[in-house]
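Report on the following structure.
The values are calculated or read from the model by the stated rules, or taken from the named source; none is laboratory data. These numbers come from a predicted model, not from an experiment. Positions of Cβ are backbone-derived with ideal geometry, glycine not excepted, and every protein chain shown enters the neighbour counts. In case anyone asks, the SASA skips ligands and DNA or RNA and just uses the protein heavy atoms, side chains included. Shrake-Rupley method; radii C 1.70, N 1.55, O 1.52, S 1.80 Å.
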Amino acid sequence: MKKKRILSGMRPTGRLHLGNLHGALQNWVDIQNTGTYDCFYFVADWHALTSDYKDTGLIKSYSLDMVVDWLSVGLDPVKSTLFIQSAIKEHAELFLILSMITPLSWLERNPTYKEMQEELSDKDIGTFGFLGYPVLQAADIIMYKAYGVPVGVDQLPHVELTREIARRFNFLYTDIFPIPEPLLAHVPKLMGLDGRKMSKSYENTIYLRDRGEVLREKVVSMFTDPQRMRRTDPGRPDVCNAFPFHAIYSSPSEVSEIADACRAANIGCVECKKLLAERVADGMAPMHERQDYYLGHLDDVREIIADGVRKASKIARLTMEQVREAVKI
Ligand code: SF4
């Protein structure tokens, strides 16, 4: 039986961090490992231009680095197709056609538009490309006639917009695009070291490449329960920034022991975070081993990408033949 296709992408704007891993990548790997879906994951390098158009020098190396990290966390090129968006020019052609039929008001009311403008306030993103990035996303998704798009709750409006655009194309021309479903994942809420959203621009991240003393120092510097001023004050794991990391990296029995000890002031935050640093380092060790392997075999990584591009290209070419016929261009 033909497997349902899943598609998702990520912008290569810098090193990946634990927020990326637990907010998206782990879900990609889990979906891949169900064996139920035909998974397509792509490096959204044209999307990186929406915010980084002034300084493009690192996008190529970030793209390769990103695939190294994807492989390190468990994406498997035998099970998933990994490719780079800009290698498949059909994305740009479909984006152009969809731009013609997407009402401006749909883009202006996109709730993440304002949010991203605030988050990227150090960059001038008052551009046509930035306003129109959901249209490029729609092109990325419907190009492969994806059944589903793995997303977090905050990205739901984007998938809804893609669904609207696909419906409009089908209505105006020919019914060729399935309407993609959002596949909501349970995503643990992991914040940055300082309690804000984990983001490179806030310099509060733990990178997937961090290890040794750097990793340890970062974990030990995490903000904890702000009301716990003294070692003798009972703590509140439910508001502590470090506790969700324990929930991922420590064993269930240890997690419940820590929660009890914290509430009873039987453990200090420094001790708790030192233990956490060990657990995080142990948890990341297999990934670091794979990173070392792929960093020493970058030609293999390039070949994996080239294979993915070949496979994705075939589908994109077929879709665009149908699109051109439908639009009569
Ligand atoms: S003891 Fe641990 S869980 Fe409790 S507030 Fe401190 S760091 Fe957080």
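So Phe245 passes all but one of these: (1) within 16 Å of the ligand (Cβ to nearest atom); (2) farther than 24 Å from His17 by Cβ. Which condition number does it fail?
Exception for Phe245: condition (2).
Any residue at all in segment 158-171 that's open to solvent by 40 Å² or more (accessible area, probe 1.4 Å), charged (D, E, K, R) and more than 30 Å from Gln322 (Cα to Cα)?
No, segment 158-171 contains no residue that is open to solvent by 40 Å² or more (accessible area, probe 1.4 Å), charged (D, E, K, R) and more than 30 Å from Gln322 (Cα to Cα).
So which helices (runs of 4 or more DSSP H) stay within segment 206-299 end to end and still have 2 or more residues that are closer than 24 Å to Arg15 by Cβ?
Here the list reads 212-220, 243-249, 269-295.
Can you name every residue in segment 258-274 that is out of contact with any Pro (no Cβ under 9 Å at 6 or more places or on another chain) and either near the ligand (Cβ under 6 Å from one of its atoms) or open to solvent by less than 60 Å² (accessible area, probe 1.4 Å) (or both)?
Passing the criteria: Ala261, Ile267, Gly268, Cys269, Cys272, Lys273.
Show me the helices (runs of 4 or more DSSP H) found entirely inside segment 63-143 where at least 3 residues are modelled with pLDDT of 95 or more.
90-101, 133-143
State whether one or more residues within segment 197-219 are in contact (Cβ under 8 Å) with a residue 40 or more places away in the chain, within 11 Å of the ligand (Cβ to nearest atom) and crowded, with 16+ Cβ neighbours inside 10 Å.
Within segment 197-219 (the criterion being in contact (Cβ under 8 Å) with a residue 40 or more places away in the chain, within 11 Å of the ligand (Cβ to nearest atom) and crowded, with 16+ Cβ neighbours inside 10 Å), the answer is yes, since at least one residue qualifies.
Which condition number does Pro237 fail, the rest of (1) modelled with pLDDT under 95; (2) within 14 Å of the ligand (Cβ to nearest atom) being met?
(1)
Please give the number of the condition Phe169 fails out of (1) over 30 Å from Val220 (Cβ atoms); (2) assigned to a loop (DSSP other than H, G, I, E, B).
(2)
Go through segment 237-257 and count every residue that is of a type in the set (S, T, N, Q), in contact with a helix residue (DSSP H, G or I) (Cβ under 8 Å, 6 or more places away or on another chain) and open to solvent by 20 Å² or more (accessible area, probe 1.4 Å).
Residues of segment 237-257 of a type in the set (S, T, N, Q): 241, 250-251, 253, 256.
Restricting the remaining residues to those that are in contact with a helix residue (DSSP H, G or I) (Cβ under 8 Å, 6 or more places away or on another chain) gives 250.
In the following step, the residues that additionally are open to solvent by 20 Å² or more (accessible area, probe 1.4 Å) were identified as none.
Qualifying residue count for the region: 0.
Considering only residues that are surrounded by fewer than 17 Cβ atoms within 10 Å (Cβ to Cβ) and modelled with pLDDT of 95 or more, which ones fall in segment 315-329?
First pass over segment 315-329, keeping only residues surrounded by fewer than 17 Cβ atoms within 10 Å (Cβ to Cβ): 317-318, 321-322, 324-325, 327-329.
Arg317, Leu318, Glu321, Gln322, Arg324, Glu325, Val327, Lys328, listed by residue number.
Inside segment 286-314, can you point out the residues that are open to solvent by less than 70 Å² (accessible area, probe 1.4 Å) and over 19 Å from Leu75 (Cβ atoms)?
Ser313
Results for (1) open to solvent by 80 Å² or more (accessible area, probe 1.4 Å); (2) of a type outside the set (S, T, N, Q), shown as yes or no for each residue.
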{"residue": "Ser121", "(1), (2)": "yes, no"}
{"residue": "Asp140", "(1), (2)": "no, yes"}
{"residue": "Tyr144", "(1), (2)": "no, yes"}
{"residue": "Val153", "(1), (2)": "yes, yes"}
{"residue": "Thr224", "(1), (2)": "no, no"}
{"residue": "Arg228", "(1), (2)": "no, yes"}
{"residue": "Gly235", "(1), (2)": "no, yes"}
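Return only the number of the condition from (1) at pLDDT below 95; (2) away from the ligand (no atom under 15 Å from the Cβ); (3) assigned to a loop (DSSP other than H, G, I, E, B) that Thr174 does not satisfy.
Just one mismatch for Thr174, condition (1).
Kindly list, by first and then second residue, each pair from a residue in segment 1-12 that is of a type outside the set (Val, Ile, Thr) to a residue that is loosely packed, with under 14 Cβ neighbours inside 10 Å and not in a strand (DSSP E or B), limited to pairs with Cβ atoms under 6 Å and residues at least 6 apart or on different chains.
Listed pairs, sorted by first residue: none to list.
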